[in-house]
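The values are calculated or read from the model by the stated rules, or taken from the named source; none is laboratory data. In this text the structure is predicted, and so the values were computed from the model without any measurement. Here Cβ is always computed from backbone atoms with ideal geometry, including for glycine, and neighbour counts include all displayed protein chains.
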Ligand SMILES: [Zn+2]
């Protein structure tokens, strides 16, 4: 149990701090709901199935031309907004987990060929 505030001024300070804490807690919840809403809207507007094979689960958002931001550096709301901007710029599609992994592996393979400056014309093996 918290100690009682000694003076009225202290009491006002505690009350204000509590109000601020509650405000930020509510804001956090609100942001989380907005982020979920944005993701739900994106999946709906983009067809809700894999762009390559038509699978309906498990779906992931993919950037066909790569992204300029780091997902782990953004909170869920900022991430949702970034996805929204990428969608508006035409750089977002829905892939199933399997197609997304294949796509990522192919991109890494192609990047390796480029960086090693191989004039290899070999086909990507998958
Ligand atoms: Zn797929």
Quick check, is residue 58 over 30 Å from residue 5 (Cβ atoms) and touching a residue at least 24 places away in the same chain (Cβ under 8 Å)? yes
How many residues does segment 57-76 contain that are within 16 Å of the ligand (Cβ to nearest atom) and surrounded by fewer than 12 Cβ atoms within 10 Å (Cβ to Cβ)? 2
Options 23, 77: the member that is touching a helix residue (DSSP H, G or I) at 6+ places or on another chain (Cβ under 8 Å) and at pLDDT below 95: 77
Candidate set: segment 77-98, residues that are in a helix (DSSP H, G or I) and within 11 Å of the ligand (Cβ to nearest atom); chosen: the one farthest from residue 63 (Cα to Cα): 98
For the structure I just gave you, tell me whether residue 107 is more than 16 Å from the ligand (Cβ to nearest atom) and either assigned to a helix (DSSP H, G or I) or modelled with pLDDT of 85 or more (or both). no
Could you count how many residues in segment 34-56 are within 10 Å of the ligand (Cβ to nearest atom) and exposed (fewer than 13 other Cβ atoms within 10 Å of the Cβ)? 3
Could you tell me which numbered condition residue 101 fails, if it satisfies all but one of (1) surrounded by 14 or more Cβ atoms within 10 Å (Cβ to Cβ); (2) in a helix (DSSP H, G or I); (3) within 16 Å of the ligand (Cβ to nearest atom); (4) within 18 Å of the chain's Cα centre (by Cα)? (1)
Report the residue count in segment 91-109 for those that are more than 15 Å from residue 53 (Cβ to Cβ) and in contact with a helix residue (DSSP H, G or I) (Cβ under 8 Å, 6 or more places away or on another chain). 1
